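Some notes on the structure that comes next.
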Amino acid sequence: MSNPQFAELLNNPQLLRAITELGYTSATQVQEKAIPLAIEGKNLLVQSKTGSGKTAAFLLPSISRILTEVSSSPLSTRILILTPTRELARQIVKSAQELLRFTTIRVGMICGGEELKYQKALLRKNPEIIVATPGRLAEHIAHKSTDFSGLEILILDEADRMMDMGLHEDLIKIVAQCSSKKQTLLFSATLEQKNLRQLIQDVMGDNKAEKIVVDDAPNPIEHKMVLSDGNPHKNKLLLASLQNNPHQKAIVFANTRARVDELNQLLRQHEYAVSLLHGDITQDERKKALDRFRDSKTTVLVATDVAARGLDIDAVELVINIDMAYSGDEYLHRVGRTGRAGQSGLAISFVTAKDWNLTKGIERYLGIHMETMQIPGFTAVYKGPEKVKASGKAVGIKKKTTEKPKVPEKKVKDRLRDKKNVGKRRQASTVTIENQNPDGFAPPKKKLVKKLDQLGDTE
């Protein structure tokens, strides 16, 4: 069964014209299910994976509603979209502006990395749509520079990620400032996360919400691992992997900022066009790096996990985990940058001896299998564990406890002389100021005094 055309889901000519010029043809599964219910004004809880088209699934019906309905509060924001990262916020703003090109609706972005005074000036202009990260928006609420009293639609994108980042309190502060009559749309990769269920209760309250679970087919990603012997060997494997796998764009993930800087220098030395992304660069540098990579001015992006969630970049065929991710969720977020929108992708992970058990744990957690591959000329000395458990993890070697021979205790002779005066403290000196000689010295001992008296008598 083919997916419906957007003209079957929407009736706004301005939106349909923008969709046509953008080259969108048919709706994805999540768009087909969410758009009609959202246009009706129902609250939604949507579970859908990254790359399924969920951004359009909440933007299209929300924009359609504010285009056809008159605002009851002209000075208030009409749509508020909360998202975990600046990168994702920037992408949502870009998508919204493309859809609004034939309207007069304005979009504003409120994220960290920019001065508050400029953002306050933006808020005073009353844009109909605001895309924000919770932390920075909570600051503006504390400064009373926002007005959500007439908010019509609240959208929480990547809600599970926001909870992972510890943004629950900021989200509750923001929701408390919003109109109680608002429509709420919550999108997440999972709805079963424990702390997410608490957020849903806090956000929705007693209001009913329609639940949509989109069971999309898994992204066609090929998972492979290459055994390695450490960072110098990994560097050689990285260069060989990039050379052996033709690609328009590739993302290389490392676990530390220092390692990202090191790989950036290595790839530049080998004449690769590289963009760099980690927490130490400025907001302007981050934006330039992503724009250059998105526009194919660079072909390799070296990044920490800060870039693993929310990036929507076309034609990423290759993801290389030069350092294994610390968890299954982080691995999934990394490799989710490839194989998007039904396209195939390749994820290669370099695994050392200390990474083996972590890798097998990730495989079991995600229900995937990483095929072991070798790169000719760069075979590792490490061949994997000699013995493995049913789980695939290495069998640990129990340390033999060598008991030290007991040394017989030496018997100490019990003597009476050792018991004498035990515990008796030395008596304090009886010398006082009164019985001191005028010269400051203590008086002579009795025997010496007696002898002196005898000498005096003989004289």
Karplus-derived 3J(HN,Hα), 6.51/-1.76/1.60, for each residue of region 168-185, Hz, glycine and proline x
4, 4, 5, 4, 5, 4, 5, 4, 5, 8, 8, 4, 6, 8, 5, 8, 10, 10
For region 4-48: Kirkwood Rh in Å [reciprocal of mean 1/r, alpha carbons]
11.3
Where Rh is the Kirkwood radius over Cα pairs, Rg/Rh for region 141-215
0.96
Strictly greater than 17 Å: what percent of every Cα pair in region 240-284 meets that?
37
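So for region 112-240, Kirkwood radius off the Cα pairs, Stokes-Einstein at 10 °C and 1.306 mPa s: how many µm² s⁻¹?
Working: Rh = 17.9 Å.
The diffusion coefficient I find is 89 µm²/s.
Within the set 33/249; 33/54; 42/194; 54/94; 117/182, which residue pairs have Cα atoms separated by over 22 Å?
Table pairs above 22 Å Cα-Cα are 33/249; 42/194; 117/182.
Can you give the charge dipole size of region 205-255 about its Cα centre, rounded to the nearest 20 debye, using +1 on the beta carbon of Lys and Arg and -1 on the beta carbon of Asp and Glu? It would help to have the intermediate numbers written out before the result.
Working: 6 positive and 6 negative charges, 66 e Å.
The calculated dipole for region 205-255 is roughly 320 debye.
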Can you list the HN-Hα couplings for region 408-415, worked out from phi with the Karplus curve (6.51, -1.76, 1.60; θ = phi - 60°), rounded to whole Hz and with x for Gly and Pro?
x, 6, 6, 7, 9, 5, 8, 10
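Over 32 Å apart: what share of the alpha carbon pairs of region 6-213 falls there, rounded to a whole percent?
When every Cα pair of region 6-213 is considered, 10 percent fall beyond 32 Å.
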Per-residue HN-Hα couplings for region 11-26, Karplus 6.51 cos²θ - 1.76 cosθ + 1.60 at θ = phi - 60°, whole Hz, x for Gly and Pro?
10, 7, x, 5, 5, 5, 5, 5, 4, 5, 5, 6, x, 6, 10, 10
Which far-off residues, 5 or more places away or on another chain, put their amide H under 5 Å from the one on residue 225, with H placed in the peptide plane?
349, 371, 372, 373
Determine, for each peptide in 162-175, 129-142, the mean count of other beta carbons within 10 angstrom over its residues, then list the peptides with the highest first.
129-142, 162-175
Using modelled backbone amide H atoms (1.01 Å from N, in-plane), which distant-in-sequence or interchain residues come within less than 5 Å of residue 317's amide H?
248, 249
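Over region 18-101, consider all pairs of different Cα atoms and compute the Kirkwood hydrodynamic radius from their mean reciprocal separation; express it in Å, one decimal. Write down the numbers at each step before the final one.
On the way: mean 1/r = 0.0717 Å⁻¹.
The answer is 14.0 Å.
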Averaging over all projection directions, find the projected area of the Cα convex hull of region 221-372 and quote it in nm² with one decimal place.
8.3
At the level of C-alpha centres, the distance separating region 123-170 and region 1-75, in angstrom, is 21
Tell me the label-point distance for the pair residue 381, residue 354, using the 7 Å Cα-to-Cβ offset, in nm and rounded to one decimal.
1.6
With the dipole of region 6-213 worked out from charges on the C-beta (+1 for Lys and Arg, -1 for Asp and Glu) around the Cα centre, which of 116, 13, 151 lies farthest toward the positive end?
116
Show the residues, 5+ positions off or on another chain, whose built amide H is closer than 5 Å to the amide H of residue 212.
45, 46, 47
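Read the figures in this text as sums done on the coordinates, not as results from a lab. Note that the coordinates shown come from a computational prediction; the quantities given were computed from them, not determined experimentally. With ideal geometry, Cβ positions are generated from the backbone for all residues, glycine too; neighbour counts draw on all protein chains shown.
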